[in-house]
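Here the structure comes first, spelled out in structure tokens, and everything after it is commentary.
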Amino acid sequence: MLKGKVHKYGANVDTDAIIPARYLNVSEAAELAKHCMEGIDPEFVKRVQPGDIIMATTNFGCGSSREHAPLAIKTSGVSCIIAKSFARIFFRNAINIGLPLLECDEAVDHTEAGDALEVDLSNGRIKNPTKGKTFTAKPYPDFMAEIISAGGLIEYTKKRLESRGAKSEV
Amino acid sequence: MTLVEKILAAHAGKKRVSPGEFVNVRVDLVLANDITAPIAIREFRRIGVERVFSPHKVVMVPDHFMPNKDIPSAEQAKLVRQFCSQQGTLYFEVGRMGIEHVLLPEQGLVLPGDVVIGADSHTCTYGALGAFATGMGSTDIAAAMATGDIWMRVPPTIKLVYHGSLGKWVGGKDLILYTIGALGVDGALYSAMEFGGDAIDALSMDGRFTMANMAIEAGAKAGICRVDNKTLDYIKSRAKRSYNTYEPDEDAQYSKVIEYDVSAIEPQVALPHLPANTRPISQLGKVEIDQAVIGSCTNGRLEDLEVAAGILAGRMIAPWVRCIIIPGSQQVYLDALKEGLIEVFIRAGAVVSTPTCGPCLGGHMGVLAAGERCISTTNRNFVGRMGSPQSEVYLSSPAVAAASAIAGIITSPEEVTD
């Protein structure tokens, strides 16, 4: 169960807002996290607490393919992102590195910044005790659930290669 | 099946695929740059395989903060260089490189019917050649470097048909800005955009690259054109291997078919801070500029420079405007030099840079101060994209950027030419 306070944003939060390109001359996650959300919310890194949740409306993470964006968010302590929709590349990147994303219109419509949420990733339940409401996120397609349960794309790929190797030895 | 579905089916070893289906597809080329490769290399090593699946199908292009803009960038470039040397992958050093999406088609590394994935969102540019090309993150690239394939969800295809013939100062950039303005920045989310119609048939390859390049700005997974004689002419002298061309079926299922009559459209400008925030240039009002950038993976090809030079020839850039012109590759630079374009630019008061992504992402070679405004032929105008979060970026064609550099305000080319 994930628990954390909500930082809420609007539509089309782009990757330049999440991590401006001027900081991409390094790849270390801890360095990137120092500038997380700087383009849209310079105070974010001061406010964020481990477990906190980012919430946004539509097309979160649009723009560049930089994996530095979900990496900065994950390393800043954010436990998951809830939005109405995500940009395609950002969605893949987050799943691949093990940053949970949930799509849920109702949760976004009925949650305010600062509300504390409880999120159960096993069934997609999002509970907002402040508002006395519970929401259910869209389930992941089976294929993606497999990558998530493997622990991300690298672990998933390791397993695939192992099973290929096992087959070729037979 | 649509064009995209046919390419994906062929690469998944299936007779047919449908939108929404998850498939593993074989990749013909895997790409990363100096910003995204370091993470891809780190993740590749975590997988624990020794060698990339096929060194001549992996290419790395240092182009973003190149030539090295500072010590951390130099360290990242060094790491990429060493990895490529050790693995024997394709690699283009400063002096031979170009902006990746200008360079790879020019070098014949992308051909019709290919599946290309790149750790750069503008990888969709290669759709202009009738390839399925899409941007992904570094970890996806790491996995593909290890296995030679990648998972994909087959996208629905939106067919966009452009009727009519374009006005004198209207080109591929205006068509794609117009389209993004109509669809919105997530109007094609998760979909493929298939471009067709008279106006696309009439476009040069450079114009088609510009259109496919910005499919991502509508949220699309890919932007693609059908292969025609222009495509075949373009690749004739470049292709060093065989390739397959595909055609959509007569009864292909599109999620949407959108038709535009583009005969009357004006040059388009996208206002801060979204590429979808477009307006015809006549409705812009007076917008003063401090800088004009002509270049990038969107508009750094020879035709773009020819258009700009046609407007700048014999004229002077406004004294308060910095005009930065960036040929997209060494070849484009050399061709521009031979045609006399570089001299035109310098005489007009512009600066001409070596190929780099530089200013497009606020990296170097033209970063903006607070309160400054830039007209740019690049692809994004998000807050702080080219520098200070208090700066502003307007997106346009090379023609509008060149005319604006002369006038010092955003201007239609008609206003400064006879």
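The values are calculated or read from the model by the stated rules, or taken from the named source; none is laboratory data. Here the structure is a predicted model, which is why all the values come from computation and not from measurement. Don't worry about glycine lacking a Cβ; one is built from the backbone with ideal geometry, like all the others, and counts go over all protein chains shown.
Would you mind stating whether B:LEU361 is under 22 Å from the mean Cα position of the chain (by Cα) and either under 25 Å from B:PHE92 (Cβ atoms) or within 14 Å of chain A (Cβ to nearest Cβ) (or both)? Yes.
With respect to B:GLY366, determine if the residue is closer than 20 Å to B:ASN33 by Cβ, at pLDDT 95 or above, within 14 Å of another protein chain (Cβ to nearest Cβ) and touching a Pro at 6+ places or on another chain (Cβ under 6 Å). When the stated conditions are applied, B:GLY366 passes them. Filter the stretch A:20-38 down to residues that are within 11 Å of chain B (Cβ to nearest Cβ) and touching a residue at least 24 places away in the same chain (Cβ under 8 Å) and give me whichever is nearest to B:LEU361 (Cα to Cα). Out of the qualifying residues, it is A:ALA21. Taking the stretch B:185-262 as the region of interest, the strands (runs of 3 or more DSSP E) fully inside it that hold 3 or more residues being surrounded by 20 or more Cβ atoms within 10 Å (Cβ to Cβ) are B:192-196, B:222-225. For the stretch B:117-134, indicate whether the set of residues that are in a loop (DSSP other than H, G, I, E, B), surrounded by fewer than 24 Cβ atoms within 10 Å (Cβ to Cβ) and in contact (Cβ under 8 Å) with a residue 12 or more places away in the chain is non-empty. Scanning the stretch B:117-134 turns up no residue that is in a loop (DSSP other than H, G, I, E, B), surrounded by fewer than 24 Cβ atoms within 10 Å (Cβ to Cβ) and in contact (Cβ under 8 Å) with a residue 12 or more places away in the chain.
Just one of (1) more than 28 Å from A:SER85 (Cβ to Cβ); (2) charged (D, E, K, R); (3) within 14 Å of another protein chain (Cβ to nearest Cβ) fails for B:LYS221. It is (1). When B:THR356 is tested against the conditions (1) touching a helix residue (DSSP H, G or I) at 6+ places or on another chain (Cβ under 6 Å); (2) within 14 Å of another protein chain (Cβ to nearest Cβ); (3) outside any helix (DSSP H, G or I), the lone failure is (1).
Among residues of the stretch B:273-329 being within 16 Å of the chain's Cα centre (by Cα) and part of a loop (DSSP other than H, G, I, E, B), the one that is surrounded by the most Cβ atoms within 10 Å (Cβ to Cβ) is B:GLY295. Scanning the stretch B:137-169 for residues that are hydrophobic (A, V, I, L, M, F, W, C) and within 8 Å of chain A (Cβ to nearest Cβ) yields B:ALA142, B:ALA143, B:ALA146, B:TRP151. Of the set (1) surrounded by 24 or more Cβ atoms within 10 Å (Cβ to Cβ); (2) farther than 27 Å from A:ARG160 by Cβ, all apply to B:VAL30 but (2). For the stretch A:126-144, a residue qualifies if it is more than 28 Å from B:PRO19 (Cα to Cα) and out of contact with any Cys (no Cβ under 8 Å at 6 or more places or on another chain), and the qualifying residues are A:LYS127, A:ASN128, A:PRO129, A:THR130, A:LYS131, A:GLY132, A:LYS133, A:THR134.
If you go through the stretch B:143-168 and keep only what is in contact with a strand residue (DSSP E or B) (Cβ under 9 Å, 6 or more places away or on another chain) and over 28 Å from B:ILE265 (Cβ atoms), you end up with B:ALA143, B:ALA144, B:MET145, B:THR147, B:GLY148, B:ASP149, B:ILE150, B:TRP151, B:MET152, B:ARG153, B:VAL154.
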